[in-house]
1. Residue-wise, which Karplus ³J(HN,Hα) couplings in Hz belong to the stretch 24-29, taking 6.51 cos²θ - 1.76 cosθ + 1.60, θ = phi - 60°, and x for glycine or proline?
2. Grab the Cα-Cα distance for S48 and L20, subtract it from 0.36 nm times how many residues apart they are, and report the gain in nm with one decimal.
3. Taking the Cα centre of the stretch 22-76 as the origin and placing charges on Cβ (Lys, Arg +1; Asp, Glu -1), which of H73, Y51, M32 is farthest toward the positive end of the dipole?
4. Determine one quarter of the surface area of the Cα convex hull of the stretch 22-76, which equals its mean projected area, and express it in nm² to one decimal.
5. What is the sum of charges, Lys and Arg at +1 and Asp and Glu at -1, for the other residues whose Cβ falls under 13 Å from the Cβ of G41?
6. Once phi is turned into θ = phi - 60°, what whole-Hz ³J(HN,Hα) does the Karplus curve with 6.51, -1.76 and 1.60 give for every residue of the stretch 30-39, x standing for Gly and Pro?
7. What are the ³J(HN,Hα) values, in whole Hz, obtained from phi via the Karplus relation 6.51 cos²θ - 1.76 cosθ + 1.60 with θ = phi - 60°, for each residue of the stretch 61-68 in sequence order, with x given for Gly and Pro?
Amino acid sequence: METERKYKFDPPDMQQVNLLRKLSPGQRIQLMLDARELAIGLIRGRLSKRYPDLPPEELNLKVLDAIETASKHISDTRPSDYFENTG
């Protein structure tokens with residue numbers, strides 16, 4: 001009996017994957033750094049709205065704490081956690 005898997009994420013966009021394959025290693029790294037900068041900016045924006053009176057130094061500490069918390073959560077998951085058996 002074959003078991004179907006339900007993805008918690010959308011399947012990869014193969015057109016996008018093929019475009020990424022064509023990038024040089026340097027371009028891939030730059031893309032990753034740009035994505036990281038966007039993610040940090042989104043975290044900082046969310047926290048600055050939540051804590052509007054916080055000095056920049058303390059806001060930076062909250063950003064680092066949010067990143068650390070997310071990193072711990074990600075490292076605690078296994079690849080199988082991304083699938084649900086719908087057998």
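1. Running phi through 6.51 cos²θ - 1.76 cosθ + 1.60 with θ = phi - 60° gives 6, x, x, 5, 5, 5 Hz.
2. Values: separation 28, 0.36 × 28 = 10.08 nm, distance 3.32 nm.
My answer for the length gained is 6.8 nm.
3. M32
4. Numbers: hull surface 19.7 nm².
Value for the stretch 22-76: 4.9 nm².
5. Values: positive: R36, R44, R46, K49; negative: D34, E37.
Neighbourhood net charge equals +2.
6. Listing the rounded values in order: 4, 4, 5, 5, 5, 5, 5, 4, 4, 4 Hz.
7. Along the stretch 61-68, the couplings run 5, 5, 4, 4, 5, 5, 5, 4 Hz.
A short reminder: the numbers here are calculations on the coordinates, not readings from a lab. Computed from a prediction, not measured in an experiment: that's the story for all the values here. All Cβ positions, glycine included, derive from the backbone under ideal geometry; neighbour counts span all protein chains shown.
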